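Worksheet: one structure, shown below.
The values are calculated or read from the model by the stated rules, or taken from the named source; none is laboratory data. Note that the structure is a prediction, hence the values are computed from the model and not measured. Because the Cβ atoms are built from the backbone with ideal geometry, glycine has one as well, and the counts that use them run over all protein chains shown. Quick note on the areas: whole protein, heavy atoms, side chains included, nothing else; ligands and nucleic acids left out. Shrake-Rupley method; radii C 1.70, N 1.55, O 1.52, S 1.80 Å.
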Amino acid sequence: MDVSSMGGFLGNLGPGENVYDAIRSEIFLQAFPKPTALHSRQLWALFGLNVVILLLCGVGIFARYKRGTAWLFMKESNGLLRPNTAMVTQVCFVSTSNLTF
């Protein structure tokens with residue numbers, strides 16, 4: 001409902017009907033529409049994509065672990081910590097992927 005149709009909406013109210021309750025219910029219907037079948041399919045598709053990403057990251061982490069290269073940070077000879085960027089990104093993907101379940 002836009003502002004221009006507000007006058008017509010308020011004119012259609014019955015006598016004794018609370019204006020604020022009518023406006024609140026209309027705004028609620030506009031802000032929280034009823035989900036359709038398309039919404040459900042989109043959520044399932046995104047859930048499936050999330051599972052695929054989680055599995056690929058898990059396979060990558062497991063492969064690095066088996067090769068012995070599963071480290072997040074390595075201390076260099078000069079004292080600096082060097083991150084293993086491939087491993088850190090996979091761990092971040094797995095941790096954020098778990099938040100969406």
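A compact table of results
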item: Inter-residue pairs, beta-carbon under 7 Å, first without any contact (Cβ under 8 Å) to a residue 60 or more places away in the chain and in region 49-61, second open to solvent by 70 Å² or more (accessible area, probe 1.4 Å) and not hydroxyl-bearing (Ser, Thr, Tyr), 6+ apart; result: ILE53/PHE93; CYS57/PHE93
item: Region 65-92: number of residues that are in contact (Cβ under 8 Å) with a residue 24 or more places away in the chain and either loosely packed, with under 10 Cβ neighbours inside 10 Å or touching a Leu at 6+ places or on another chain (Cβ under 8 Å) (or both); result: 2
item: Sole exception among (1) over 30 Å from VAL91 (Cβ atoms); (2) open to solvent by less than 70 Å² (accessible area, probe 1.4 Å); (3) modelled with pLDDT of 80 or more for LEU38, by number; result: (2)
